[in-house]
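In what follows, a single structure is set out as C-alpha cells and then discussed.
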Amino acid sequence: MVRRLLKEVKEYKRASIATPVFMILEVLMETAIPFLMASIIDDGVNAGDMNYIYKVGGLMLVTAALGLAAGMAGGRFGAKASAGFAKNLREAMFSRIQTYSFANIDKFSTAGLVTRLTTDVTNVQMAYQMTLRMFMRAPASMICAMIMAFSINAQLSMIYLIAVLILGTVLFFIIRHAMGYFEQAFPKYDAMNASVQENVSAIRVVKAYVREDQETEKFHRASENIYRIFVKAENNVIFNAPLMMITVYTCIILISWFGAKMIVVESLTTGEMMSLLAYCMNILMSLMMLSMVFVMLSMSTASIRRISEVLNETSEIQNPENPVMEVADGSIVFKDVEFSYKKDSEEPVLKQINLDIKSGETIGIIGGTGSAKTSLVNLISRLYDVTKGEVLVGGRNVKEYDIEVLRDKVSAVLQKNVLFTGSILDNLRWGNLNATDEECMEACRLACADEFIERFPMKYQTHIEQGGNNVSGGQKQRLCIARALLKKPKILILDDSTSAVDTATDAKIRRALGEEIPDTTKLIIAQRISSVQDADRIIVMDEGEVNGFGTHKELLDANEIYREVYESQTKGGGDFDEKGGEA
Amino acid sequence: MAGMKQRMRSGKSAVKNPGKLLTRLMKYVFREYKLHCLLVFVLIFVGVIANVQGTMFTKNLIDEYITPFLLSSDEPNFTPLAKAIGRVAVFYVVGVVSVYLYNWIMVKVTQGVLRNLRNELFEHMETLPIKYFDTHAHGDIMSIYTNDIDTLRQMISQSIPQVINSGFTIVSVFVSMVILNIPLTLVTLVMVGVMIYCTKSAAGQSGKYFLEQQKNLGAVNGFIEEMMDGQKVVKVFCHEEETKKEFKDLNDKLFISADRANTYANYLGPINAQLGNISYVICAIVGGVLALNGAGGFTLGGLASFLTFNKSFSMPINQISQQLNAIVMAMAGAERIFNLMDEKPEADDGYVTLVNVAEENGELIESAERTGRWAWKHVHQADGSVDYVELKGNVVFDGVDFGYNDDKIVLHDVKLYAEPGQKIAFVGSTGAGKTTITNLINRFYDIQDGKIRYDGINVNKIKKDDLRRSLGIVLQDTHLFTGTVRENIRFGKLDATDEEIAAAAKLANADGFIRRLPQGYDTMLTGDGANLSQGQRQLLAIARAAVVDPPVLILDEATSSIDTRTERIIQESMDRLMRGRTTFVIAHRLSTVRNSDCIMVLEQGRIIERGTHEQLIEEKGKYYQLYTGNSIGA
C-alpha cells in the first residue's frame, strides 16, 4: 500500500533523500554544542584560559551556523519533496481516474473522490514531510545525545536509558488507548454532521411541521455524545505532558545526587555534569517527537489506504490490440446478451437479450424504473462490457473497435448529464474540438437549442456555470443533445434526454432529427409514450428482459405492459406540463 | 505543525476586528466557566513558579553544595544536599500536579464550550427564516459546525493557555535573569530581538504563499469536483487527455505555491533553534569572561543557571509569536460562528393561537383535552376580549405582491379564494411562481403588499407555529430524517398513537411496503432514507402529512421519473389525502388538474387565467395551449 504511493515520489527522490541527510547533519551540530559547552567551562573558565574560551566559543558559533544551514536546507528539501510528492499523487490519481470505466466510476462517489484527491493527499503530504524531517531526526538526535552522554559518563547515563525505556512504554500505551477513543469519536461526529445536514437541507419540512424543538433536542444529544467521548479521549492525552515532566525532573534529581557524589571523588567534573543535564532534554524531547510522528502516521494510514484504492483500481475495459478504426454503419445486434454490474451477483440485470436493429432505424425504448433500459444502451458504446453474449455495431463486436472511434460514432446523451464551466461554444466543442461556429449553430438548431441561446445577451458566448446551474433543466438537456450531435454519430442514444423539455419541443426535436439525420440510427429512451410512438419500432423492457419489440400498433395490440402504460398516460394519467422542478 | 495546519485552512480571509471577536469569545468562555478559568490561571502561575524554582536549583547545586565539597578537605557531608534535593522535589511535584490539573480542567472547559457553541448554533439556526438557507451555501453552513468549531478547539485548549503560560514564564525568567546578571540579560534581549525579526520575516513570506496556496487549492478543488461529477460525460466524449492537461496546469501552480509556503514555514524551526544556540554561545563567552574576572560577584554556578534561563527565555517568546498568529487565524472561524449567531431569527408577532374546543350550547368553549375540533383563539388587542373562530380551512389572497428582495417583485397582485374542502391547482411553466405562492400561505416568506386571510384572520396575526401546524405539506423532493419509519411518520404529530400512525400509513398506501421492511415500522432510516426507493419515500411523506390530519394541504406533485405503476399508487394515496381538505396543489398531472375546483394558470408571477377545466378549455387561452401540447418554449 505505502509502496504503491511511494512510486509517485519520482523526480523528488533526490530531495527526499537529501532531507533526512541534512536533518541528521543538523542533529550532529546540535549535539556538539553541549559538548563544547562543557569544554568551555572545564578547560576555559576553570583553568582561567580566556584564549581557550574564544577558540571554543568560535568553534561553537561555526557549529551553530552550520546547524542553521543544514536545518534550512533540510526544510527546503523537505518542503520540495513533500509538495512534489503530493503533486505527483494528485496527478497519478487524476490520470488513473481518467482510465476508469463506468463500472469503476460507479464504485466511488463523487464526493469520495474529491476528498481522496484533496484532503487525503494533504494528509499524506503532511505525514510525508513529518517523516522525512522528523522520523530520522528524532532517533538520530536521541542516539547522538545518548552516545555523548555515555562518553561523558556511562554510569550516570544508564539513568537516561532506563528513563527512555519507561517513558517510551508508557507513552505507547497512553497513545494507543487514546487513539481507541478517538476512533470511537468519528462515528459520533458523523452522526452530528448528519443531523446538521438533514436540518439544513430539509429546513422547510422542519419548519412546516414545527419540529424545531425536537430537532434541537436531537442535536443536543448528538453534541453531548461528542462531548463525552472527547473528554474521555483527551483525559488520556493530558497525561503526556506531566509524565514527560516527571521523567525529566527525576533524571535531573538523580543526576544531581549521584553526580555530586562523583564530583567529590573526582570521577566527574562540574562541566561534564552540566552537559549531562543538557542532554537530558535532548533525549526526552526526541522521544516525545517520535511519539508524535507515530500518531501522525497512524492517523494518515486511512488516507493512504483511500489513495491506494484509487491508484490500484484497474479498468477492465481496455483497447484491443489491433483495433478497428472504422465503424461501417449504424446497425446494432445483441446476441444472447447477459449483463450484471457485479460479477458475483446472482440475478443478472439484463438476460437473454436478442435484438437486431438496422442502420438508420429509430427505436423507442420504454419500461418501468429498474427495467434496465439504461443498462441496455450503455452496452452499445461499451461503457460496460457484457457478461455473456456479444454486442455488434456495424457488424463487428464492440470489443474489436478502438474505444475512442466507437464512442465517437455511438454518441450517447446520458440520463444524468452535465455541462462544464465555460462558454456554450466551449461546451458544444466537447463533441468535436474542430467544429466551426456554423456547425455548432446547426447542431443547436437540430436540438431546438438555438431559440433560447439567441435570447441570451451573449448568445453562444454565454458563460455556463459549474454543472450548468445557470440554465434550466430543459435548456441543459437540449445543449447536451446538441453537443452529442456534433460528433456526427452513426448511432445516437437519447437516454431520457428530453424529460425536462415540454411536449411540443420534444416532438419538434424528434422531427428535426428524423428529417435532418435520417441515416443515423436513433435510440430513444423515454417515460412518455408520446415520445416513442412515432418510432419505427419500440422495445418494451421489463425486469431486464425484452418484453416486446414492434411498432406502436403491434404493441398496442399484443403487448400488455405497453397497452397499460399507454392507457394510463392518455386517459388522465399523463404529464400535464413539462417536467423538471421549480428553479 | 498545528499552527501550520490552521494557517492553511483558515488563512483565506483577514478578519476585520480580531480583538473584538476574541473578547467576545473569552466572555463566552467565562460566562459558564468562570471558576474553572480562574483556577487554570492560578495553576498555570503555580506551575511556572515551580519550574523556575527548579531551574534555580541547578545554580545552588553547584555553588552551594558541589563547589564547597571541592574546596573543603573534610569528609563531605551530603545531608544539606539531600535536604535541598528534597525541597526541589516538592517544587517539582507541585509543578507536575498543577500542569496535570490545569490540563484536566481545560479539557472540560474546551469541550464544554464547544458543545455549548454547537448547541447554541443549532438552536439559533432552527429559528432562522427560510431566506437564510436560500442565500447561504449548505456546505458553508456545515463547515461552521466542523472546521470552524475545530479551529476554536485548538485555540481554546492550546493557544490561549500557552500564551498565558509563556507570558508568566517570560516575566519570571526575565526577573530571575535580571537578578543574576544585568549585562548578560541585555545580551539575551538583543538576541531575542534578532530572533523575533527573523521569525517575522520568514512567517510573513510563508503566510503570503499560504494564501496563494489556498487560492490554488480552491481552484484544484473546484476543477476536481466538476470533473468527477461529469466523469461519465468525459468518458462518453473521450475527453480524458484534454482534462488531464488542464488538471496538470492547475496542479503545477498548486505545487509551486505549496513548495514555497512550506519552505518558509520550515525555515522557522532551524532559525529559532540556531539563533537560540548562538545566543547561548554568546552568553557563555561573555559570561565566561565575567565569571573569570569575578565581576559583580558573578559565579560559575550563576553562569550555569543563566544559561538555562537563556534557553527558557527564547522558547516562550517564540511560542507567543506563533500562537498569536494562530489565534488571529482562528478568529476567522469565530467570526463565521458569531455571524450565524447574530443572524436575525424569524420574526413572529402573531398572537392568535390554535386551541382545542368543544361545543356547548352552540358556543365554542376552550378545552384542555383532545377534542378533535380546533379553533383560533383571538385575543383582541384593543379591549382584551376573546373570540373563538373554528378552524375550517378557508384561505383568501387579496392583492398579494411578493418578492424575495424588495426591489424585485416576483408575484403581482395575486387574488384567490379557497372555500373549505376545495381543491385549487396551480399550473404554469417553470419559474412562473407556483411554489412561491404556496410558500406564502405558511409564511415561509412574508409578503410585500396585500393580505392573506386564513378563516378570516390575517395570517400575520396568527402565531407561526400554530399556523404551520394547521397546514399539511408534501414537497416535491422528499426529505426523511434519521430515525425509525415510525418516528418519521410521527414527525408531524408528536402524540400520535401507533394506531394513528398505521392508519395514516394505510391511507398513504405505505403500510404494505413498511410491513415488508426488515423491522417493519421500527426499521431505521439513514441518509435521507437512502435505503428506500424514490416512490416509497414519497409514500412516507404522504403518510407524514396524513397523520397530522390538517384542514389545509399543500401538495407539490413530484415530477421525477417514476415508473407508471408506482406513480399510480402515489396518485391514489394523494387523492385519498386530499379528500375533504382545502388543497393547494402544484399540479403536473392531467387528472389532478381536471378534478380541481379551480385552476390558476400562472405566468411570470401573475395569474393570467382562472376557472374550471371546462371553462378554461372554452377560453382557448394559455391553458388550452398547455393542455393540447401546442405551446412552445420553456
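The values are calculated or read from the model by the stated rules, or taken from the named source; none is laboratory data. Just so it is clear, the structure is predicted and the values come from calculations on it, not from any experiment. Cβ: placed from backbone, ideal geometry, glycine included. Neighbour counts: every protein chain shown.
When B:Lys423, B:Lys434 are checked against the criterion of being within 14 Å of another protein chain (Cβ to nearest Cβ), among the basic types (Lys, Arg) and crowded, with 21+ Cβ neighbours inside 10 Å, a single residue qualifies: B:Lys434. Residue check: A:Glu347 meets all listed conditions (1) under 27 Å from A:Asp519 (Cα atoms); (2) among the charged types (D, E, K, R); (3) surrounded by fewer than 16 Cβ atoms within 10 Å (Cβ to Cβ) but one, namely (1). Confirm whether A:Asp534 is within 13 Å of chain B (Cβ to nearest Cβ), over 24 Å from A:Arg429 (Cβ atoms) and in contact (Cβ under 8 Å) with a residue 24 or more places away in the chain. Against the criterion (within 13 Å of chain B (Cβ to nearest Cβ), over 24 Å from A:Arg429 (Cβ atoms) and in contact (Cβ under 8 Å) with a residue 24 or more places away in the chain), A:Asp534 does not qualify. Can you say whether B:Glu212 is more than 7 Å from every other protein chain (Cβ to nearest Cβ), in contact (Cβ under 8 Å) with a residue 24 or more places away in the chain and surrounded by fewer than 20 Cβ atoms within 10 Å (Cβ to Cβ), as far as the supplied structure shows? Here the answer is yes, as B:Glu212 does meet what is asked. Would you check which residues across the range B:468-484 are touching a helix residue (DSSP H, G or I) at 6+ places or on another chain (Cβ under 6 Å) and among the aliphatic types (A, V, I, L, M) and list them? Listed by number, the residues that qualify are B:Ile473, B:Val474, B:Leu480. Between B:Ile441, B:Ile424, B:Ile462, B:Ile457, which is under 30 Å from the mean Cα position of the chain (by Cα), modelled with pLDDT of 85 or more and on the phi < 0 side of the Ramachandran plot? Result of the check over B:Ile441, B:Ile424, B:Ile462, B:Ile457: B:Ile441.
Restricting attention to the range A:422-445, and to residues there that are within 14 Å of chain B (Cβ to nearest Cβ) and in a helix (DSSP H, G or I), which single residue is surrounded by the most Cβ atoms within 10 Å (Cβ to Cβ)? Ranking the qualifying residues of the range A:422-445, first place goes to A:Leu428. For first residues located in the range B:154-181 and away from chain A (no Cβ under 14 Å) and touching a residue at least 24 places away in the same chain (Cβ under 8 Å), partners that are of a type in the set (D, E, K, R) and part of a helix (DSSP H, G or I) and lie 6+ apart or on another chain with Cβ distances below 8 Å form the pairs B:Leu180/B:Lys59. Picking from residues in the range B:604-634 that are at pLDDT 80 or above and outside any helix (DSSP H, G or I), the one that is nearest to B:Lys434 (Cα to Cα) is B:Gly605.
The rows are residues; the columns are (1) over 30 Å from B:Cys198 (Cβ atoms); (2) surrounded by fewer than 23 Cβ atoms within 10 Å (Cβ to Cβ); (3) modelled with pLDDT under 85; (4) more than 7 Å from chain A (Cβ to nearest Cβ).
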residue: B:Cys238; (1), (2), (3), (4): yes, yes, yes, no
residue: B:Asp249; (1), (2), (3), (4): yes, yes, no, yes
residue: B:Ala258; (1), (2), (3), (4): no, no, no, no
residue: B:Ala284; (1), (2), (3), (4): no, no, yes, no
residue: B:Leu292; (1), (2), (3), (4): yes, yes, yes, no
residue: B:Phe298; (1), (2), (3), (4): no, yes, yes, yes
residue: B:Phe306; (1), (2), (3), (4): no, no, yes, yes
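When the range A:184-205 is limited to residues that are more than 8 Å from chain B (Cβ to nearest Cβ) and without any contact (Cβ under 8 Å) to a residue 24 or more places away in the chain, the one that is farthest from B:Lys493 (Cα to Cα) turns out to be A:Phe186.
Residues of the range A:70-93 that are among the hydrophobic types (A, V, I, L, M, F, W, C), more than 16 Å from B:Val220 (Cα to Cα), crowded, with 24+ Cβ neighbours inside 10 Å and at the interface with chain B (Cβ under 7 Å from one of its Cβ atoms): A:Ala79 alone.
Yes/no per residue for (1) among the small types (Gly, Ala, Ser); (2) surrounded by fewer than 17 Cβ atoms within 10 Å (Cβ to Cβ); (3) in contact with a Ser or Thr (Cβ under 6 Å, 6 or more places away or on another chain):
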| residue | (1), (2), (3) |
| --- | --- |
| B:Gly204 | yes, yes, no |
| B:Ala261 | yes, no, yes |
| B:Tyr264 | no, no, yes |
| B:Asn272 | no, no, no |
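Quick check on my filter: what residues within the range B:344-378 are of a type outside the set (Gly, Ala, Ser) and over 39 Å from the mean Cα position of the chain (by Cα)? B:Val357, B:Glu359, B:Glu360, B:Asn361, B:Glu363, B:Leu364, B:Ile365, B:Glu366, B:Glu369, B:Thr371, B:Arg373 - these are the residues of the range B:344-378 that are of a type outside the set (Gly, Ala, Ser) and over 39 Å from the mean Cα position of the chain (by Cα). Any residue at all in the range A:446-453 that's over 26 Å from A:Ala512 (Cα atoms) and either part of a loop (DSSP other than H, G, I, E, B) or within 9 Å of chain B (Cβ to nearest Cβ) (or both)? Checked against the condition, which is being over 26 Å from A:Ala512 (Cα atoms) and either part of a loop (DSSP other than H, G, I, E, B) or within 9 Å of chain B (Cβ to nearest Cβ) (or both), the range A:446-453 yields no hits at all. Within the set B:Leu81, B:Leu114, B:Leu71, the sole residue that is out of contact with any Asp or Glu (no Cβ under 7 Å at 6 or more places or on another chain) and more than 8 Å from every other protein chain (Cβ to nearest Cβ) turns out to be B:Leu71.
Tell me, please, whether a residue that is of a type in the set (Gly, Ala, Ser) and within 11 Å of chain B (Cβ to nearest Cβ) can be found in the range A:386-409. The answer is no; no qualifying residue exists.
All of (1) β-branched (Val, Ile, Thr); (2) surrounded by 21 or more Cβ atoms within 10 Å (Cβ to Cβ); (3) within 30 Å of B:Ile569 (Cβ to Cβ) hold for A:Thr362 with one exception: (3). Somewhere in the range A:124-144, is a residue over 30 Å from B:Leu254 (Cβ atoms) and surrounded by fewer than 17 Cβ atoms within 10 Å (Cβ to Cβ)? Scanning the range A:124-144 turns up at least one residue that is over 30 Å from B:Leu254 (Cβ atoms) and surrounded by fewer than 17 Cβ atoms within 10 Å (Cβ to Cβ). Within the bounds of the range B:37-47, is there any residue that is in contact (Cβ under 8 Å) with a residue 24 or more places away in the chain, assigned to a helix (DSSP H, G or I), under 30 Å from B:Lys311 (Cβ atoms) and over 37 Å from the mean Cα position of the chain (by Cα)? Scanning the range B:37-47, I find at least one residue that is in contact (Cβ under 8 Å) with a residue 24 or more places away in the chain, assigned to a helix (DSSP H, G or I), under 30 Å from B:Lys311 (Cβ atoms) and over 37 Å from the mean Cα position of the chain (by Cα), so the answer is yes.
Here's the yes/no breakdown for (1) basic (Lys, Arg); (2) more than 18 Å from A:Glu272 (Cβ to Cβ):
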position	(1), (2)
A:Arg116	yes, yes
A:Asp120	no, yes
A:Ala138	no, yes
A:Phe150	no, no
A:Asn153	no, no
A:Ser157	no, no
A:Tyr160	no, no
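Filtered by the rule that a residue be surrounded by fewer than 14 Cβ atoms within 10 Å (Cβ to Cβ), more than 30 Å from B:Ala504 (Cα to Cα) and touching a residue at least 60 places away in the same chain (Cβ under 8 Å), the range B:573-626 gives a lone residue, B:Gln604.
Which residues, taken from the range B:312-323, are modelled with pLDDT under 75 and not hydroxyl-bearing (Ser, Thr, Tyr)? Scanning the range B:312-323 gives B:Asn318, B:Gln322. Among the candidates A:Glu234, A:Glu272, A:Glu224, the residue that is in a helix (DSSP H, G or I), modelled with pLDDT of 80 or more and either among the β-branched types (Val, Ile, Thr) or under 30 Å from B:Pro345 (Cα atoms) (or both) is uniquely A:Glu224.
Checking each residue in the range A:454-464 for being charged (D, E, K, R) and assigned to a helix (DSSP H, G or I) picks out only A:Lys459. The residue that is surrounded by the most Cβ atoms within 10 Å (Cβ to Cβ), among those in the range A:206-226 that are more than 8 Å from every other protein chain (Cβ to nearest Cβ) and within 30 Å of A:Ser300 (Cβ to Cβ), is A:Ala222. Taking the criterion of being closer than 20 Å to B:Ala330 by Cβ and more than 9 Å from chain A (Cβ to nearest Cβ), the only residue of the range B:96-111 that qualifies is B:Val109.
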